[in-house]
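Trainee: I'd like to ask you about the structure that follows.
The values are calculated or read from the model by the stated rules, or taken from the named source; none is laboratory data. Because the structure is predicted, anything quoted here is derived from the model rather than measured. As a convention, Cβ positions derive from the backbone with ideal geometry for all residues, glycine included, and neighbour counts pool all protein chains shown. The area values use the complete protein model at the heavy-atom level, side chains included, leaving out ligands, DNA and RNA. Shrake-Rupley method; radii C 1.70, N 1.55, O 1.52, S 1.80 Å.
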Amino acid sequence: MVEFSENLKKEVVCKKRKVLAPWRFQEGYERWLNRNKAKKLDNGGKCHATNGGSLDSHSKNGEVLEPNYVNQGFDGMANNEGNAKRAKGSGCFGGNPDKPQIILYKAVVPWRFQVGYKRQFSEEHNLRRRVFIRPYPQRKYPSSVRVSASCEFAASQELSRQQGSLSKCSPRDSVLSSLHEFQSIYRELLGEEEAQWAHGSGTSSGRRDYLAIKKFKERNSYDDAKKFIGEVPGTRIGDVFHLRFELCVVGLHRQQVLSVDFIKREEGNINTSVVSYGDLTELKRKKNKIDIVEFSGAPLVAPNGTLDGSTLALLRSWETKTPIRFIYAFTRYLSSIEQLKVKAKKLNTYIYCGLYTVEKYWQKRSDDGNTYFFVFRLQRVAGQAGLDIVAILESRKLDSFLFPAVYMEDLSFGKEKVPVSVVNFINSERPPFFKYITCLRTHVLRDPTPPVGCGCTNGCSDSLKCACTVKNGGELPFNDKGHIVEAKPLVFECGPSCKCPPTCHNRVSQHGMKFRLQVFKTKKMGWGVRALEFIPSGSFVCEYVAELISDEEAQRRTNDEYLFSIGSNYYDEELWEGLKSFIPALQRDKSLKLEDDEVFTMDASEFGNFSRFINHSCMPNLYAQNLLYDHDDKRMPRIMFFACENIQPMEELAYHYNYSVGQVHDANGNVKKKQCFCGTKECTGWLY
Ligand SMILES: C[S@@+](CC[C@H](N)C(=O)[O-])C[C@H]1O[C@@H](n2cnc3c(N)ncnc32)[C@H](O)[C@@H]1O
């Protein structure tokens, strides 16, 4: 390989390019665009290594929750257990010294990587029987980029959440995911009410926590009756909550009102957990010691009165020495400003302290002398993690759960089918201004080639009779659940000139987003986007809607943060693998290859939708699919994001920008560097 001289590199960089995002760094881009230009320079070729990259599991940046968790480094949100194996990128693609390639450009984002980027199914997929909708044409090479053939996987997702049986979903993940979902519902209700008050139409909608748990139960197979004795998988000592229902959701204490939770058994109730109200001043006086605590049972009318179920359960726990989960509760009265914000006078904080056993008990008369009750002395089981409750309570971080500095109901102001809420728990910054659009804005696509539609009236299928199926290589790109079957160089959905109805299986992304998503402020990457509900692998998530501009115009723009370069790889036969012989266009239109053709860029800096906020991850859960349906100009495919993994509620969405280190330059031709904060185990440390 021949290296370019520094001067030449600078010259080319200065003359040619600005900072855009990553497709042009893909091998394919250089082959298409630069080969001829490169020939004019007698510098020989240079193979630039591609990132390879993994799509197996991804980062979950749970910044919002972090303050609620202590003593755990919050690694619970980083999924370290994904088993997927990453298939490395080919490194040098077409690295023929006779066809020298130039590394010219600055930062732009990744269409090409999406299909050039090979990955294998994660082991968890492979472990499961893959249910294909139909057989595929014989392939020379088995595809390694199928994203969604396993129907069973989605079906078992709930099971895996409960059991933590899949490496992808540990018990901790499962607990956090449920908790996040519940909190998110709660905050949404809180925000809605705030918005109503702001518009002067506020009425008290009742207990939001009750409404939130109702909604949560509707969405999940939540079972009050499923109770644990001893530790609850996925919870940790020091976990902090603000709502009683959060304890229910994670399984620490399933009683919504009572302080004692127990399992009914024929041989006698057995206690599982207690919530006991404490006093911070008293705790400080006791020097933060929690090894021995006292808990008062329900009142009895007479010393020999009938014992209620919870007292009986505690007595039986004493008898059997069964460990009990102990949750300390503290109440803080809010300032008038805080009260306005949360429409409540006080804030409870619940801290899980670990397992205790009943050491002894005695009866006591109430101060007014009218009732009697049992007092239980609980002894903390030895060997458990220490806990500094005073420090937790005095940390103002806790408040962030109830006091988001910024909440917006819908970033799109009603333009999206599903509202996209905005939260900022980090600071009081609001999302930067941009004009929200839901359709591509463009001056360059003036006379789009009209798409040749299919004439199917009986449903488009995998037959060669459907013109759209033919363009897709003889198979429908989506399964009957509407999930994309595999990443392809270009997907053709049926369009306006097709005779098939809107319900056709080959119309998916054109129907728009359907999952609830949220824009949120991350700690280190600016704004990001996360899922508010489970998104199965292969689902369409959203389109990168932006201003479609010429490449030259992109070079003139000063803000390069939201540039996403697009281009066609339709004629790249290698990317079609075994399907190329099924695509007539690949056989006859070879002369039409788009070498040196005009290329285009999406710029979402001024006009865009929420997808402009989707960050990069070295282990992404989305990929960008080139797709056409309303025109046939292959130079300007739409960029559609599909899930390439199952995405859990509250998990951040991310795709791989596919920048390359050392190949992004500033206006003076100097190499620019940016650290990557995706936080995944596969992180290379650098965005570029
Ligand atoms: C398309 S924008 C994404 C939204 C952006 N976070 C924002 O607040 O507008 C791309 C920019 O986000 C930041 N970014 C995205 N992913 C990142 C990552 N993994 N590490 C560091 N910064 C990242 C970088 O500043 C990048 O130039």
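Trainee: Among residues belonging to the range 650-677 that are surrounded by 24 or more Cβ atoms within 10 Å (Cβ to Cβ) and at pLDDT below 90, point out the one that is farthest from the ligand (Cβ to nearest atom).
Mentor: MET650
Trainee: Kindly list the number of the only condition in (1) touching a residue at least 40 places away in the same chain (Cβ under 8 Å); (2) closer than 23 Å to ASP209 by Cα; (3) open to solvent by less than 70 Å² (accessible area, probe 1.4 Å) that fails for CYS248.
Mentor: Tallying (1) touching a residue at least 40 places away in the same chain (Cβ under 8 Å); (2) closer than 23 Å to ASP209 by Cα; (3) open to solvent by less than 70 Å² (accessible area, probe 1.4 Å), CYS248 fails exactly one: (1).
Trainee: On to the next question. Can you find a residue in the range 425-433 that is surrounded by 21 or more Cβ atoms within 10 Å (Cβ to Cβ) and within 16 Å of the ligand (Cβ to nearest atom)?
Mentor: Yes, that holds for at least one residue.
Trainee: Consider only pairs whose beta carbons are under 6 Å apart and that are at least six residues apart or on different chains; among these, list those whose first residue lies in the range 412-436 and is basic (Lys, Arg) and whose second residue is at pLDDT 90 or above.
Mentor: LYS415/TYR436; LYS415/THR438; LYS417/GLY512; LYS435/PHE607
Trainee: Specify the residue that is nearest to the ligand (Cβ to nearest atom); the eligible residues are those in the range 523-557 that are modelled with pLDDT under 90 and of a type in the set (Lys, Arg).
Mentor: LYS523
Trainee: Which count do you get for residues in the range 298-348 that are among the aliphatic types (A, V, I, L, M), over 24 Å from ASP279 (Cα atoms) and at pLDDT 90 or above?
Mentor: 2
Trainee: Going by what's in this entry, would VAL358 be described as at pLDDT below 85 and surrounded by 12 or more Cβ atoms within 10 Å (Cβ to Cβ)?
Mentor: No, not satisfied.
Trainee: Take PHE520 and decide whether it is within 16 Å of the ligand (Cβ to nearest atom), within 16 Å of the chain's Cα centre (by Cα) and among the hydrophobic types (A, V, I, L, M, F, W, C).
Mentor: For PHE520, the condition - within 16 Å of the ligand (Cβ to nearest atom), within 16 Å of the chain's Cα centre (by Cα) and among the hydrophobic types (A, V, I, L, M, F, W, C) - is met.
Trainee: What's the number of the condition PHE642 fails, among (1) in a loop (DSSP other than H, G, I, E, B); (2) touching a Gly at 6+ places or on another chain (Cβ under 7 Å)?
Mentor: Just one mismatch for PHE642, condition (1).
Trainee: For the range 473-485, enumerate the residues that are among the acidic types (Asp, Glu) and open to solvent by less than 10 Å² (accessible area, probe 1.4 Å).
Mentor: GLU475
Trainee: Read through the list (1) open to solvent by 20 Å² or more (accessible area, probe 1.4 Å); (2) away from the ligand (no atom under 16 Å from the Cβ); (3) modelled with pLDDT of 90 or more, then give the number of the only condition that PHE607 fails.
Mentor: Unmet for PHE607, out of (1) open to solvent by 20 Å² or more (accessible area, probe 1.4 Å); (2) away from the ligand (no atom under 16 Å from the Cβ); (3) modelled with pLDDT of 90 or more: (2).
Trainee: While we're here: Considering only residues of the range 610-634 that are touching a strand residue (DSSP E or B) at 6+ places or on another chain (Cβ under 9 Å) and of a type in the set (D, E, K, R), which is nearest to GLU652 (Cα to Cα)?
Mentor: It comes out as ARG612.
Trainee: Could you check the range 609-630 and list, in sequence order, the residues that are assigned to a loop (DSSP other than H, G, I, E, B) and aliphatic (A, V, I, L, M)?
Mentor: ILE614, MET619 - these are the residues of the range 609-630 that are assigned to a loop (DSSP other than H, G, I, E, B) and aliphatic (A, V, I, L, M).
Trainee: May I ask you to list pairs of residues, at least six apart or on different chains, whose Cβ atoms are under 6 Å apart, with the first in the range 660-688 being at positive phi and the second being near the ligand (Cβ under 10 Å from one of its atoms) and open to solvent by 80 Å² or more (accessible area, probe 1.4 Å)?
Mentor: none
Trainee: What residue, of ASP291, ASP239, ASP223, is open to solvent by 10 Å² or more (accessible area, probe 1.4 Å) and modelled with pLDDT of 80 or more?
Mentor: ASP291
Trainee: Could you look through the range 611-644, keep only residues that are open to solvent by less than 10 Å² (accessible area, probe 1.4 Å), farther than 16 Å from PHE540 by Cβ and within 16 Å of the ligand (Cβ to nearest atom), and pick out the one that is modelled with the highest pLDDT?
Mentor: Per the criteria, the residue is PHE613.
Trainee: Still on this structure, I have one more. Could you check how many residues of the range 481-517 are more than 30 Å from SER184 (Cβ to Cβ) and either polar (S, T, N, Q) or within 16 Å of the ligand (Cβ to nearest atom) (or both)?
Mentor: Matching residues across the range 481-517 total 3.
Trainee: Could you check LYS215 against (1) of a type in the set (Lys, Arg); (2) part of a helix (DSSP H, G or I); (3) modelled with pLDDT of 90 or more and say which number it fails?
Mentor: The number of the failed condition is (3).
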